[in-house]
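We did not get these values from a lab; they are worked out from the coordinates using the rules stated. Everything quoted here is computed from the prediction, not taken from an experiment. Cβ: placed from backbone, ideal geometry, glycine included. Neighbour counts: every protein chain shown.
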Amino acid sequence: MAAIIYSDDGYWMFVEGQWVPSPKQLAALANGATPHNHELKQNVQDSNVQLTSVVNPLPYPVQYFGGTANQSPQGTGTINSIAYYYVATPESNLNTILFVSGGFLLALLMSILIILSSISSDLIDNADSNAIYNPNAGDSTFSWTYQSKQYSIELEMDEDTYDYYNSIERDCCYESEDYLQYFTPGADYVENTAITLQNLAISEGFTSSLEKAEFILAFVGAIAYQFDPDDGFDHPKYPIEILWEHSGDCEDSSALYASLMESLGYKTILVLLDTKETSTDEWGGHALVGIYIPSHTGDYFELDGDFRPYYIAETTAWFDDYDAIGVNTWYDFKNIETFEIK
């Protein structure tokens, strides 16, 4: 279940694509709070009634996004923060304050229970898990664009399979060949996913080897890029993990794409190299896939002892009408290593 996002003042929560009142707001209103407005404030100032408690002391008006800066849910927009005041005569000030405090504590307890209930039991049972949980984790729906048309598909993903692979301890990677253990073309879920995607491609009229390979490459490239933790190590994922978590980096998307294509009978290789996007960029380590497409032309890599050209397939992104198999989008690369997928 996706974690619930609360506004900075705690009065709103983002659920199923929209902001709704939080338990804190509902409790405040139930206990006599009145939304702040200038007319109320003026009436209070002109009478013997006093403001005995300010639940939300934020300046008025305030705008906020859900969560912290740069982490607001896409498309949520902004909401005017509302200050809630408790109004009472001087004689009842103490009772009001006690009553408000009790309501606030109750709302806080309810919020904690909601948050705890949203945490997957897998995260609790597997504290050392490498999983990256996000709002889309476990969602079986995938969408992407190929040749100016939007596609969407529902994949069969088994949580037990995900849990099995996610629980495998990993310490990667001391040798470049260590990445190959995360390529699983023979796994049932990989074969089922590959066949489902190929059938969709064929049904849409993409029947050539190149068209089917690019159709599936666009699917993989639409998966969100997720950086590894900044601890100096790689944290590679098995294909089921990048599918389940809807995120991964270059070695993860490479493992997924090569596994899918190998299961369909294509020949692929893993390519490890250093790349730069512009002449002024620093060199950075990268992973991508080379795929053999008979009679194709373009930029390719070679494998020792193999006469076939393995055309470059960038798996971390797909920009329609720009990316293609055999098209090199990097300014330069060096220190190229190629490995056969077995």
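What is the list of residues in the stretch 309-342 whose amide nitrogen lies under 18 Å from a point 7 angstrom out from the Cα of Thr278, following Cα to Cβ? Inside the label zone: 329-333. Of Ser263, Ser279, the sequence from fewest to most neighbouring Cβ atoms within 10 angstrom is Ser279, Ser263.
Strictly greater than 28 Å: what percent of every Cα pair in the stretch 125-340 meets that? In whole percent, the share of Cα-Cα pairs in the stretch 125-340 beyond 28 Å is 25. What does the charge add up to near Phe307, with Lys and Arg as +1, Asp and Glu as -1, over the other residues with Cβ less than 14 Å from its Cβ? Surrounding charge for Phe307 is -2. Taking amide H as placed 1.01 Å from N in the peptide plane, Thr315 has its amide H under 5 Å from the amide H of Val289, each at least 5 places away in sequence or on another chain.
For Lys212, a cut-off of 12 angstrom between C-alpha atoms picks up these aspartates and glutamates, skipping any fewer than 8 places away in its own chain: Glu204.
A Förster distance of 22 Å, applied to the separation of the beta-carbon atoms of Ile336 and Phe233, puts the FRET efficiency at 0.45. Counting only lysines at least 8 places from Lys24 when in the same chain, those with an alpha carbon closer than 23 Å to its own are Lys41. Phi-derived couplings, Karplus 6.51 cos²θ - 1.76 cosθ + 1.60 at θ = phi - 60°, listed residue by residue for the stretch 165-173: 5, 5, 7, 5, 5, 9, 9, 10, 9 Hz, with x used for Gly and Pro. With 25 Å as the limit on Cα-Cα distance, the pairs of Lys149/Lys237; Lys149/Lys342; Lys149/Lys276; Lys237/Lys267 that go past it are Lys149/Lys237; Lys149/Lys342; Lys149/Lys276.
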